[in-house]
Structures are given as C-alpha cells and as structure tokens.
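The values are calculated or read from the model by the stated rules, or taken from the named source; none is laboratory data. These numbers were taken from a predicted model, which means no experiment stands behind them. Ideal geometry is used to build each Cβ from the backbone, glycine not excepted, and the neighbour counts take in all protein chains shown.
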Amino acid sequence: MSYIDLRGHQVWSVIHENNGEPVLLMHGGLSSTEDWDFTVLPAIASDYHVYSYDRSAHGRTKIRDGYFHFDFQTDEAIAYIEDVIKGPTHLIGWSDGGIISLLLALKRPDLVKSIIAIGTNYNHDSGLSFNLSTVQVPDEDKALFAERSGQDPELLVDIVTKAFQVWATEPNMTLEQLSKIEVPVLILAGDDEPFGSAHTFEMYEAFPNGRLAVLPGASHYVVKEQAELMQSVIRDFYTKPEFPITKYPNRRKAKQQEILGNS
C-alpha cells in the first residue's frame, strides 16, 4: 500500500500478492478501497493478482480538476491499467466502480477480460431513489476524510455536492452500447437497490455473454450485507467464465445453438 505517481497525480494504490491473472477492484462513489476490499478479497486473493486504488477525491487520493465526472474517472482507470497492471484485467466494480468498468469496456475493450458490476446502473434515468437535492455530511465523515486524505474536512461537502450533481445527469450509456461488450459480464445486485429492478434486468439482458445474480435480503450495500453469498457467486463466475450452456435456454437459445452447432 503506497502512493504512486499516476501521470502527475499522487494516487493511493494497493497491490496484493501475484497469484494469477490480474483483477482490478473499483470502489463505489464517495467510498474508498479500504471500505470494501475486505468483503471481496476472500473470493479472489488466493487465485488472482489483485489491484485497487483510491480514485481522485476518494479515500486517500486528493482532488484534482474534473475529478467527479465519469469520463474523467474512466480515463484515470485506463491510466492505472496501462501504467500499473500493464495489460488486460478482470474488473470488479461496486456502484460507481461498476459504471466505470462498463464505460472502460466500451472505450478500451482491449484492456478488459471480464466484468463483475455490483449494484450498478447504466443510465441516470433509472428511477434512482436517492435524494440528490439535499447535501448533508456528518461530522464523523468529515473527520475520516481529513484523516485519510490530509485535506480540509469541509472540502468533503464540496465533493459530495459535485457527486450529487453528476449522479443526476450521468451515466448515459444505452442498451445498444452495452450490447457491444463481448467479454463475460456478471451483474450482481441486492433485491432492494435504489433503482428499479427492471433497470437491472434490462441491463443484464443487453450483454451477449451476461449473467445475473440478485441476492436476497440486501440493499445497495449487498457487498457487506451478503458478503459470503456474494463471494460464492464471484467464485462461480470466475470458475465458469465461458458462455453458459443450459438445459432450457430462453434468451440464450440462439447463441447456444450457434455454439453447439459449431462444436
């Protein structure tokens, strides 16, 4: 764990032991690497080379101009993969991290091996139930922000305000765009996410090689509320990344017939 110079900006980076193919963990918005890594690591640490970093204005990484727009964060992720991982990687993203993973696959498909998007929406018009009009930042959040980043605690109010502004207008992906992502994709969600369930299902159905896991009794914090079940689903996905061949295919029927006909 250390700061690295990522094209002129000091970014907090965590690199685990090399046990296989690279996996990049992407934390959620207004979150950080250390807020969720521990919930995912049991599923992947022993078989993969795990990387993670705090995005600009998150966790231990300081702000910089343009930091909260998704196009900026996507370019930052591309820079990290190119300069640190130095090759295609599996992506696991929670919330905003899932959005960035999808955008990265659209912009640079050559850098992506697979995607697990957890609690993710592909478009801001998703029935989001968050109140984005009122910014309230508890003092304990300000104190933790200052402790981690060494910045003025009141700066967190500005960061949250900008985040809410972005979430009201971004992301803007379409189902047609998602249909161009050819790598294996797992959409993983709680059964009580802050956006409509139909949004999650139509997103999953858009991917040529998509999987869907809706975990019961969980909200947007599914990564903590159903950590062990989530880890089991992640292990299963990585064990069988190939296109699923099932006994009674419906949405996958045409693709399955194509695969079996060519085998």
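Any idea which residue in the stretch 183-203 is farthest from residue 109 (Cα to Cα), counting only those that are in contact with a strand residue (DSSP E or B) (Cβ under 6 Å, 6 or more places away or on another chain) and surrounded by fewer than 19 Cβ atoms within 10 Å (Cβ to Cβ)?
Looking at residues that are in contact with a strand residue (DSSP E or B) (Cβ under 6 Å, 6 or more places away or on another chain) and surrounded by fewer than 19 Cβ atoms within 10 Å (Cβ to Cβ), I get 191.
Those residues that are in contact with a helix residue (DSSP H, G or I) (Cβ under 8 Å, 6 or more places away or on another chain) and in a helix (DSSP H, G or I), I need them from the stretch 229-243; list them, please. Steps first, please.
From the stretch 229-243, those in contact with a helix residue (DSSP H, G or I) (Cβ under 8 Å, 6 or more places away or on another chain) are 230-232, 234-235, 238, 243; that's our starting set.
Passing the criteria: 230, 231, 232, 234, 235, 238.
Cβ-Cβ below 7 Å, separation at least six or inter-chain, first residue in the stretch 5-21 and acidic (Asp, Glu) and surrounded by 11 or more Cβ atoms within 10 Å (Cβ to Cβ), second modelled with pLDDT of 95 or more and outside any strand (DSSP E or B): which pairs?
Final answer for the pair search is 21/48.
Tally time: how many residues in the stretch 23-80 are among the polar types (S, T, N, Q), in contact (Cβ under 8 Å) with a residue 60 or more places away in the chain and within 26 Å of residue 235 (Cβ to Cβ)?
Step one: filter the stretch 23-80 for residues among the polar types (S, T, N, Q), giving 31-33, 39, 46, 52, 56, 61, 73-74.
Subsequent filtering for residues that are in contact (Cβ under 8 Å) with a residue 60 or more places away in the chain retains 31-32, 39, 61.
Within this subset, residues satisfying the condition of being within 26 Å of residue 235 (Cβ to Cβ) are 31-32, 39.
Selection size over the stretch 23-80: 3.
Condition first: under 12 Å from the mean Cα position of the chain (by Cα) and under 17 Å from residue 89 (Cβ atoms). Now tell me which residues in the stretch 15-36 satisfy that.
23, 24, 25, 26, 27, 33, listed by residue number.
Starting from the stretch 155-180, keep only residues that are touching a residue at least 12 places away in the same chain (Cβ under 8 Å) and closer than 19 Å to residue 106 by Cα, then list their pairs with residues that are assigned to a loop (DSSP other than H, G, I, E, B) and of a type in the set (Asp, Glu) whose Cβ atoms are within a distance under 9 Å, requiring at least 6 positions of separation or different chains.
172/125
For the subset of the stretch 82-101 comprising residues that are over 14 Å from the mean Cα position of the chain (by Cα) and outside any helix (DSSP H, G or I), which member is surrounded by the fewest Cβ atoms within 10 Å (Cβ to Cβ)? I'd like the intermediate steps shown before the answer.
Going through the stretch 82-101, the residues over 14 Å from the mean Cα position of the chain (by Cα) turn out to be 82-88.
Filter again for outside any helix (DSSP H, G or I), leaving 86-88.
Working: 86: 9, 87: 11, 88: 17.
The residue in question is 86.
Given the residues 79, 43, which is the only one that is crowded, with 19+ Cβ neighbours inside 10 Å, more than 15 Å from the chain's Cα centre (by Cα) and not in a loop (DSSP other than H, G, I, E, B)? Steps first, please.
Numbers: 79 fails: crowded, with 19+ Cβ neighbours inside 10 Å.
Answer to the check: 43.
So which of 218, 206 ends up being closer than 24 Å to residue 34 by Cα and either surrounded by 15 or more Cβ atoms within 10 Å (Cβ to Cβ) or among the aromatic types (Phe, Trp, Tyr) (or both)? Walk me through how you get there before you give the answer.
Numbers: 206 fails: closer than 24 Å to residue 34 by Cα.
Testing whether each residue is closer than 24 Å to residue 34 by Cα and either surrounded by 15 or more Cβ atoms within 10 Å (Cβ to Cβ) or among the aromatic types (Phe, Trp, Tyr) (or both) leaves just 218.
Limited to the stretch 99-143, what total is found for residues that are without any contact (Cβ under 8 Å) to a residue 24 or more places away in the chain and in contact with a Leu (Cβ under 9 Å, 6 or more places away or on another chain)?
Total satisfying the criteria: 3.
Can you go through 51, 67 and tell me which one is in contact with a Ser or Thr (Cβ under 6 Å, 6 or more places away or on another chain), closer than 25 Å to residue 148 by Cα and surrounded by fewer than 24 Cβ atoms within 10 Å (Cβ to Cβ)?
Values: 51 fails: in contact with a Ser or Thr (Cβ under 6 Å, 6 or more places away or on another chain).
Step by step, each of 51, 67 is checked, and only 67 is in contact with a Ser or Thr (Cβ under 6 Å, 6 or more places away or on another chain), closer than 25 Å to residue 148 by Cα and surrounded by fewer than 24 Cβ atoms within 10 Å (Cβ to Cβ).
Filter the stretch 204-245 down to the residues that are out of contact with any strand residue (DSSP E or B) (no Cβ under 6 Å at 6 or more places or on another chain) and either farther than 22 Å from residue 48 by Cβ or among the acidic types (Asp, Glu) (or both) and list them by number.
205, 206, 208, 216, 217, 220, 221, 225, 228, 236, 242, 245, listed by residue number.
Mind checking which residues of the stretch 59-76 are in contact with a strand residue (DSSP E or B) (Cβ under 9 Å, 6 or more places away or on another chain) and not in a helix (DSSP H, G or I)?
Within the stretch 59-76, 59, 60, 61, 62 meet the criteria.
Working only within the stretch 1-41, note down all residues that are under 28 Å from residue 194 (Cβ atoms) and of a type in the set (Asp, Glu).
Once the filter is applied, which keeps residues that are under 28 Å from residue 194 (Cβ atoms) and of a type in the set (Asp, Glu), the stretch 1-41 yields 34, 35, 37.
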